[in-house]
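Taking it in order: structure first as structure tokens, then the write-up.
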Amino acid sequence: MPKLPRVAVIIPAYNEENVIGNCIESLLRQTYENFCAHIIDDQSTDTTQQIIRRYAEAYPNKIKLQFFGKLGPGKARNRVATEVAADIYAFTDADCEVTPRWLEELIRGIDFEGVVSCGGPQLAHPTSTDFQQKLERFFSLTSPLIDFYQNKTDISETRHNPLCNVAYRSEVFRSLKGFREDLFPGEDVEIDLRIKQRGHRIHYNPRAIVFHHRPESIAQFKKVMRAYGRAQGKLFRESGPRRTIQYIGIIASLFTFGIIIASLLLQNLGLLVAALLIVAGFYFIRPNSESLLSILLNSLEWFNGFLIGLFTNKSPPPGMNIGTKHDVKT
């Protein structure tokens, strides 16, 4: 019988005391046995580290606590990957719960000639609130633009998998020097671009499922949109458009600036005032209710982030938990 690939599951965590225990419990229910989970506490100020330590002491062969000080998610993931020997690196988030066959299905999806990575769907957590379910519907409706969902029923080739549910062959991950540490979020999109540029293949397995907690409020949702927009703007500036949503971002930006420039050239004060009102509304006037309309309007914060990423070189701070209830955000 062939030897099962050794898998290192790598999970950064910051102030996740309410969810990290359930995440670890889901890992302990895996049908795939040849793995060890390395959970990095990124200098949490709550009891996250103590919770991880309790599990590490109870299951020393399956759970390892890692602590390197304050690194941020990209550096933390890369640090473990450089220090831990494994055939496969699998990644999920601390606010995710993986299904029992998660690792088994990731390995099944990666076990093809030329395939170096495999991921799967991230679904709303079963305990989601009404607002989080509305977010799920929004993401589902916009999935053709943002690659959030893939309507596939079997293992198939894809361009990109989310970092909360993905695995890479370790030799390829190391040869690429891991994730970009100056890009958060969006480092998963960027590494998949490099993988494809090298001629490798990426698979998607709809049976490799994780449940992911969605933002709990409109304020958190806006931060998510801004952060992801900024990452896409930065990637657009560096390497041009690679995704549908980037085209939309640059078209919307050009349209807005075009109205302002046209009004100035035509010396049309009324048009200029109207243009400035549109821009002001775009950036500042958003309803705070939790309706689908509010979600749609606040998703425009993505374009705000896109412009920031497009025109500035500022790297994100090493915070985590974009869109969760904790205070350290990007």
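Remarks
- Ascending count of other beta-carbon atoms within 10 Å, so fewest first, for C23, C96: C96, C23
- Note that region 70-83 has calculated 3J(HN,Hα) couplings of 8, 10, x, x, x, 5, 5, 4, 5, 4, 5, 4, 7, 9 Hz, one per residue in order, obtained from phi through the Karplus relation 6.51 cos²θ - 1.76 cosθ + 1.60 (θ = phi - 60°); glycine and proline are x.
- For trypsin sites (Lys or Arg not before Pro), the sites in region 1-108 that DSSP calls loop and that have at most 15 other Cβ atoms within 10 Å are K3, R6, R29, K70.
- Cut-off under 5 Å, modelled amide H: who pairs with A124 long-range: H212
- Label zone of R6 (point 7 Å out along Cα→Cβ, amide N under 15 Å): in region 68-110 this covers 81-90.
- Relative to its Kirkwood radius, the Cα radius of gyration of region 7-212 gives an Rg/Rh of 0.94.
- Modelled FRET efficiency - R0 35 Å, L28 with F311, Cβ distances, 0.05 increments: 0.15
- Checking the Cα-Cα distances for K70/K134; K3/K62; K62/K196; K75/K134 against a 29 Å cut-off, the pairs over it are K70/K134; K62/K196; K75/K134.
- Under 16 Å from K223, Cα to Cα: aspartates and glutamates that are on another chain or at least 8 residues apart: E290, E301, D327
Here, each number is a calculation from the coordinates, and none is a lab measurement. Remember, predicted model here, so these are calculated numbers, not experimental data. Using ideal geometry, Cβ is built from the backbone for each residue, glycine included, and neighbour counts are taken over all protein chains shown.
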